[in-house]
Amino acid sequence: RDIVLPVGGGERTSLSALRAVGGGSKSPFWMQLFADILHQNVTVMLDGQNAGARGAALLAGLGMGWYSDLSPDNFYPTGHTYETRRANAENYEVYDRMYSIYTGLHSPLQNAFSQLALIARGK
C-alpha cells in the first residue's frame, strides 16, 4: 500500500487496471494479498516472469516487420493470457485496521531505530 498510495498524494487511488508481471506474480498468495490490500482486482499475466523478454522480442519483431502491431495476440500467440485475482471485500476492514496500526508505529520507533543504527556502526 505504501508503494501505491503516494501516486495519489497519500490518498486511496482509483486504478482502472492493475496487471502483475515478474517472478512475484507467480505467487497466488502475494497476488491475492495485493488485491485485498489495494481493494483492486489484479490481472496476473500468465508466464509473467518472461514479460520483459517477450516485450523486447515483440518490439524487435515489429521493427523487422514480422508483426503489424503490439496486440496481445502477437504477445501471447497461444491464447489464454491471464487470470484474475479478485479483491475479497471481507478482508478490507482487517487490512485497513492493520495498516492503521502499522502507520502509527513510525514515530514511536524512530528513536529506537536511530539507537540501533548507532550500535550497528560501532558507536
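The values are calculated or read from the model by the stated rules, or taken from the named source; none is laboratory data. Bear in mind the structure is a predicted one, so any value in this text is a computation, not a measurement. When we count neighbours, we look across all protein chains shown, and the Cβ atoms used for this are built from the backbone with ideal geometry, even at glycine. Accessible surface areas use protein heavy atoms only, side chains included; no ligands, DNA or RNA. Shrake-Rupley method; radii C 1.70, N 1.55, O 1.52, S 1.80 Å.
Summary table
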{"read-out": "Rounded accessible area of residue 46 (nearest 10 Å², 1.4 Å probe)", "value": "60 Å²"}
{"read-out": "Cα extents of region 32-123 along the three principal axes, largest first (Å)", "value": "61, 42, 16"}
{"read-out": "Nearest-10 value in Å² for the accessible area of residue 82, using the 1.4 Å probe", "value": "100 Å²"}
{"read-out": "Amide H contacts under 5 Å for residue 88, placed H, 5+ residues apart", "value": "36"}
{"read-out": "Share of carbon and sulfur in the accessible heavy-atom surface of region 29-120 [1.4 Å probe, %]", "value": "60 percent"}
{"read-out": "Separation in nanometres of the label points that stand 7 Å from Cα toward Cβ, at residue 92 and residue 27", "value": "2.5 nm"}
{"read-out": "With DNA, RNA and ligands ignored, accessible area of residue 68 (1.4 Å probe; Å², nearest 10)", "value": "110 Å²"}
{"read-out": "Ranked order, 83, 93 - accessible area, probe 1.4 Å, largest first", "value": "93, 83"}
